[in-house]
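See structure below.
The values are calculated or read from the model by the stated rules, or taken from the named source; none is laboratory data. This is a predicted model, so every value here is computed, not measured. In this analysis, Cβ positions are derived from the backbone assuming ideal geometry, glycine residues included, and neighbour counts consider all displayed protein chains.
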Amino acid sequence: MAISDAQSRATKKYKASHIKHINFECQISFYDAIKAAADAQGKGVNTLIKDALREYLANHPPGDGVGGY
C-alpha cells in the first residue's frame, strides 16, 4: 500500500517536532559488540541503546550530580 502525500507530510511534521537524532562515533569493534548484544536479545541496535539509556536515567535522575546534565 502506497503512502499518501498527506500521510508523508504528517509524518514529516510529527518527526520535526517530536524526534531528535543523536549521532555518535565509535570504533567498529565497539559497534560490532553492540550489534552482537542486540542480536542476542532479538533487538535492533537503536532499541538496545535506547533501553540502556532509559535504564541509566532511571538510576541516575537529572540533577543527581552524575554526568553534569
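Could you check region 19-35 and list, in sequence order, the residues that are surrounded by fewer than 10 Cβ atoms within 10 Å (Cβ to Cβ) and modelled with pLDDT of 95 or more?
E25, Q27, I28, S29
Which condition number in (1) exposed (fewer than 10 other Cβ atoms within 10 Å of the Cβ); (2) at pLDDT below 95 is the one that H60 fails?
In the conditions (1) exposed (fewer than 10 other Cβ atoms within 10 Å of the Cβ); (2) at pLDDT below 95, H60 misses (1) alone.
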